[in-house]
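What follows is a set of notes on a single structure, which appears directly below.
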Amino acid sequence: MLSVSLAMAHTMTSQPNIPPPSVDALLERISVEFGGLSKQLKQIALHIERHHGCVGLEKIESLAARCDVQPSAVVRFAKHFGYTGYRELQKVLHQGITRQAEVHSDYQERIQQVIDRQQGSLRSADIAQEFVGGAIAGLYDLRRELSASTLHTAVELLANAPVIWVIGARRSFPVAAYLTYALQHTEKTVHLISGIGSMTEGQMRGLRPEDVVIATSFQPYADETVFAVKLARSRGAQLIALTDSRMSPIAKGAKATFLVQESATFGFRALTNTAVLAQSLFVALAYRLELNESPVAAPMFSFNKKSAF
């Protein structure tokens, strides 16, 4: 028995560390192995996930500086995932580069250039233009990265859910409030988990395994939202996450995870992408519910001029 166990262990440890052949495969493997990475490798992993559209153009020294690590750590990261070194990793990342990413990936640097050029004499109109420009750049990224299959999965979950629960705290609260308001225009039962008076657990007392929870949170992740998601998981409810990383604490166990990267202008992160995604999710659901209605039945939702969304 011991010899058999040793043979199995040898077989497992001797299996080749096959490098992921594509950006998507790499990001998926990062999400699986993230918990076991060292602190420095986690920093590199998070940076690659958020900026993989431009990392393929960077020299190893530049990437290391952005991740606040030594170049040797980047090499260790590459070898951990089966690559011979940074160059092989870079080739895979280069596959994910698009023209749009090249145009918008360094928007934060452009903001700093504007500040330096104006030397403190920015007009209100200049600030507004930079915010609008950042939002436009972010929306291009959202359109490129939005997964049709994830959207389909989320809509089906919501369409079949007897009750929908929505949670979003702090800067994500406006998105959660909007989703609750919009979803109430369907015949679905919808609850906003506000957490007022620290009563999150009490507000979720009626949560059932067949229900769906929509959670939205971004780094640094709101404790209230993380708690609500853990409670939802313990109850066996279905989870839809709007967040910024596959390694986000609210993405774990989610049936559908939307990754949203917001632009940052003068240090202020926008909510443009998340708001557009939330509205798209609602309208897609409303359309899906309309298709299920018989021609003689009263529609659940009507796209008309009086609908103020």
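The number of residues in the range 31-75 that are out of contact with any helix residue (DSSP H, G or I) (no Cβ under 7 Å at 6 or more places or on another chain) and part of a helix (DSSP H, G or I) comes to 12.
Per-residue answers, yes or no, for (1) of a type in the set (D, E, K, R); (2) within 17 Å of E262 (Cα to Cα); (3) surrounded by fewer than 21 Cβ atoms within 10 Å (Cβ to Cβ):
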residue: G133; (1), (2), (3): no, yes, yes
residue: I164; (1), (2), (3): no, no, no
residue: H185; (1), (2), (3): no, no, yes
residue: M204; (1), (2), (3): no, no, no
residue: E210; (1), (2), (3): yes, no, yes
residue: F227; (1), (2), (3): no, no, yes
residue: A232; (1), (2), (3): no, no, no
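Yes or no: the range 100-119 includes at least one residue that is surrounded by 13 or more Cβ atoms within 10 Å (Cβ to Cβ), within 20 Å of I44 (Cβ to Cβ) and at pLDDT 85 or above. Within the range 100-119 (the criterion being surrounded by 13 or more Cβ atoms within 10 Å (Cβ to Cβ), within 20 Å of I44 (Cβ to Cβ) and at pLDDT 85 or above), the answer is no, since none of the residues qualifies. Only one of these is of a type in the set (G, A, S), modelled with pLDDT under 85 and surrounded by fewer than 20 Cβ atoms within 10 Å (Cβ to Cβ): A284, A298. Name it. So the residue among A284, A298 that is of a type in the set (G, A, S), modelled with pLDDT under 85 and surrounded by fewer than 20 Cβ atoms within 10 Å (Cβ to Cβ) is A298. Pairs meeting the criteria (first residue in the range 262-278 and in contact (Cβ under 8 Å) with a residue 24 or more places away in the chain and outside any loop (DSSP other than H, G, I, E, B), second residue surrounded by 23 or more Cβ atoms within 10 Å (Cβ to Cβ) and not aliphatic (A, V, I, L, M), beta carbons under 7 Å, at least 6 apart or on different chains) are T265/G134; T272/G138; N273/G138; T274/T216; L277/F258.
Can we say S245 is buried (at least 16 other Cβ atoms within 10 Å of the Cβ) and in a loop (DSSP other than H, G, I, E, B)? Considered against the rule, which asks whether it is buried (at least 16 other Cβ atoms within 10 Å of the Cβ) and in a loop (DSSP other than H, G, I, E, B), S245 comes out as yes. Specify the residue that is modelled with the lowest pLDDT; the eligible residues are those in the range 186-199 that are part of a loop (DSSP other than H, G, I, E, B) and either touching a helix residue (DSSP H, G or I) at 6+ places or on another chain (Cβ under 7 Å) or within 25 Å of A222 (Cα to Cα) (or both). If we take residues in the range 186-199 being part of a loop (DSSP other than H, G, I, E, B) and either touching a helix residue (DSSP H, G or I) at 6+ places or on another chain (Cβ under 7 Å) or within 25 Å of A222 (Cα to Cα) (or both), then G195 is modelled with the lowest pLDDT. Considering each residue of the range 42-54 in turn, none proves to be at pLDDT below 85, out of contact with any strand residue (DSSP E or B) (no Cβ under 6 Å at 6 or more places or on another chain), farther than 29 Å from Q219 by Cβ and of a type outside the set (G, A, S). Just wondering, is there one or more residues in the range 158-176 that are hydroxyl-bearing (S, T, Y) and at pLDDT 85 or above? Scanning the range 158-176, I find at least one residue that is hydroxyl-bearing (S, T, Y) and at pLDDT 85 or above, so the answer is yes. When you check R171 against the structure, is it in a loop (DSSP other than H, G, I, E, B) and in the same structural domain as E262 (by TED's automatic domain parsing), yes or no? When the stated conditions are applied, R171 does not pass them.
The values are calculated or read from the model by the stated rules, or taken from the named source; none is laboratory data. Please read all numbers here as calculations on a predicted model, not as lab measurements. Don't worry about glycine lacking a Cβ; one is built from the backbone with ideal geometry, like all the others, and counts go over all protein chains shown.
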